[in-house]
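Peer 1: Following this message is one structure expressed as structure tokens.
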Amino acid sequence: MAKRFTIILAAGKGTRMKSQYSKVLHQVCGQAMVEHVLTQVQALQPNKIITVIAPQSQQVRDLLGDRTQYVEQAEQLGTAHAVLQTEAALSSQTGTTLIMSGDTPLFTAATLEKLLAYHESQHAQATILTAHAPNPFGYGRIIRNAAGQVVKIVEQKDASAQEQAVQEINTGVYCFDNQKLFHYLHQVQNNNAQNEYYLPDVIGLMQQQHDQVSAYQMDNFEESLGVNDRSALAQATKIMQKRINQQHLQNGVTLIDPENTMIDVNVEIGADTVIEPGVALKAGTKIGQNCYISQGSRLVGAVLEDNVQVTSSTIEQSIMRAGSDIGPNSHLRPQADIGPAVHIGNFCEVKNATIGARTKIGHLSYVGDATVGSDVNIGCGVVFVNYDGQRKWHTDIGDQAFVGSNANIIAPVKISDHSFIAAGSTVTDDVPQHAMAIGRARQTNKNDYWSKLPLADDPHWR
């Protein structure tokens, strides 16, 4: 089998995005556009992948790492000029080179494999990936002769009325015989309004020399969407979201309203899990079987084991063990480990804490930097006071302890198994096993208090 190479063009400034970031770094469903492209290309297992970037694109290097080689395009002088920057790495190679843009996140490996297979079966020197566009306005048209052979690619502004009626469009993805590609790249001229060197001109040069140019029409026009502005980014996100959600539906997940459920790429969801509308599941999230995620929940890099229920809550880089539940309106900050069958009620926050099995944190409590045992009761309004203004301190609570409402636990402190913290206490010292800690001022009743006030006889003041 002939060698295969891929060039990803990712050096464009993307001025229409009106952004400080490189266009290809803008995300579609939790992943940068250029990473979507690279992921699909890698699935083809080419012999070499080269990404063309701008000199200031360190962020692209940082994101993609060693999954690809890089060359820099110091000046943005057009797509042919960008491809020419790979000459030192590729021009001596024989085989097929696939060229595509880093701002086309919807292409699939299956479509690209079909293009490559068609190109190789036709023994063509170049093959253009085309699509049937319901509304082809703005796209370059593929003009074929009566025998179905490609005659030319004509841009919208240069097309006649008859040519503008053609609905087969150029997607901007090409396969080339690698040796022919670099031979013709040096002949491309920049005699155009932008003074740039355009890759489609290679096709014209090949046709002038009677090299075989073919075209493969893909099945799904939506895959060809290129993102040049925020409107197209939103459109690409919508298409990708529909694709992702459909896959989860096919895998046995119930999405009550798929059009209003946001799930990033690489999110894992087990069968028989139910997800209400208005839920956002961000990259890195893994959800087990038979879970229930209610409206308004947001999970970021969260791990949920089986039979977990999340009610209108936020979970970030934390884990909820089997049978636990949370919410409504609670928040797990990073490094929270919620044990099996734990109940976390409404308006609670847990951060960098391990909560043992069957413990209950009912409502309005903050648990930070702590290890809490099993079968513990944390009352309403309990605060783990973990920060002294300079550093964070840790609290340990043993099994079957009881922490009464409105208690303040001043870390570092250890509360032993089977101990009891009286409601309203401020705890600053360790509590031994089976002891009860009371840390509050003694109540004093002032008799006849109201009668001694100067406005005591005014019913409105009372």
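Peer 1: Please compute the contact order of the range 16-86 in relative form: average sequence separation of alpha-carbon pairs under 8 Å and at least six residues apart, divided by the residue count, as a percent. Mind showing how you got there, number by number?
Peer 2: Details: 55 pairs, mean separation 18.0, N = 71.
Taking the mean separation of contacting Cα pairs over the length of the range 16-86, I get 25 percent.
Peer 1: Ok, one more. Report the local net charge at residue 417: Lys and Arg +1, Asp and Glu -1, summed over other residues whose C-beta lies under 13 Å from its C-beta.
Peer 2: My count for the surroundings of residue 417 gives -3.
Peer 1: Compare 183, 210, 123 by solvent-accessible area with a 1.4 Å probe and give them largest first, with all protein chains kept in place.
Peer 2: 210, 123, 183
Peer 1: Can you tell me how the range 87-237 classifies by the Cα gyration tensor, rounded, prolate or oblate, using a/c under 1.5 as the rounded cut?
Peer 2: It is rounded, given that a/c, with a ≥ b ≥ c, falls under 1.5.
Peer 1: Could you work out the relative contact order of the range 61-167? I mean the mean sequence separation of Cα pairs under 8 Å and 6+ apart, divided by the number of residues, in percent.
Peer 2: 15 percent
Peer 1: Further question on the same structure: In terms of the Cα gyration tensor, with a ≥ b ≥ c the square roots of its eigenvalues, is the range 332-379 rounded because a/c is under 1.5, prolate because a/b exceeds b/c, or oblate? Mind dumping the intermediate values first?
Peer 2: Details: a/c = 1.57, a/b = 1.06, b/c = 1.48.
It is oblate, given that a/c is not under 1.5 and a/b is not larger than b/c.
Peer 1: I've got another one for you. Which whole-number percentage describes the relative contact order of the chain, with Cα contacts under 8 Å and a sequence gap of 6 or more? Show your work: numbers first, answer last.
Peer 2: Working: 1154 pairs, mean separation 36.9, N = 462.
Result for the chain is 8 percent.
Peer 1: I've got another one for you. Counting Lys +1, Arg +1, Asp -1, Glu -1, what net charge surrounds residue 267 among other residues with beta carbon under 9 Å of its beta carbon?
Peer 2: 0
Peer 1: Follow-up question, since we're still on this one. Over the chain, what is the percentage of antiparallel beta bridges among all DSSP beta bridges, to the nearest 5? List each step's numbers first, then the result.
Peer 2: Values: 19 of 101 bridges.
Among the beta bridges of the chain, antiparallel pairing accounts for roughly 20 percent.
Peer 1: By the scheme Lys and Arg +1, Asp and Glu -1, what is the net charge of all other residues having a beta-carbon under 15 Å from that of residue 105? Don't skip to the answer; put the middle values down first.
Peer 2: On the way: positive: 23, 230, 238, 242, 243; negative: 35, 103, 222, 223, 229, 264.
Summing Lys/Arg as +1 and Asp/Glu as -1 gives -1.
Peer 1: Suppose every Lys and Arg Cβ carries +1 and every Asp and Glu Cβ carries -1, with no other charges. What dipole size does the chain come out with about its Cα centre, to the nearest 20 debye?
Peer 2: Working: 35 positive and 44 negative charges, 100 e Å.
Dipole size: approximately 480 debye.
Peer 1: Pick out, from 312, 393, 31, the residue whose Cα sits farthest towards the positive end of the charge dipole of the chain, with +1 on the Cβ of Lys and Arg and -1 on the Cβ of Asp and Glu.
Peer 2: The listed residue farthest towards the positive side: 393.
Peer 1: Ok, one more. Working with all protein chains in place, sort 141, 442 by solvent-accessible area computed with a 1.4 Å probe, largest first. Let's see the in-between values first.
Peer 2: Details: 141 5, 442 215 Å².
Most to least solvent-accessible, the answer reads 442, 141.
The values are calculated or read from the model by the stated rules, or taken from the named source; none is laboratory data. Keep in mind that what you see is a predicted model, and the values were worked out from it rather than measured. Quick reminder, even Gly has a Cβ in these numbers, built from the backbone with ideal geometry, and neighbours come from all protein chains shown. Only protein heavy atoms, including side chains, enter the accessible area calculation; ligands, DNA and RNA are left aside. Shrake-Rupley method; radii C 1.70, N 1.55, O 1.52, S 1.80 Å.
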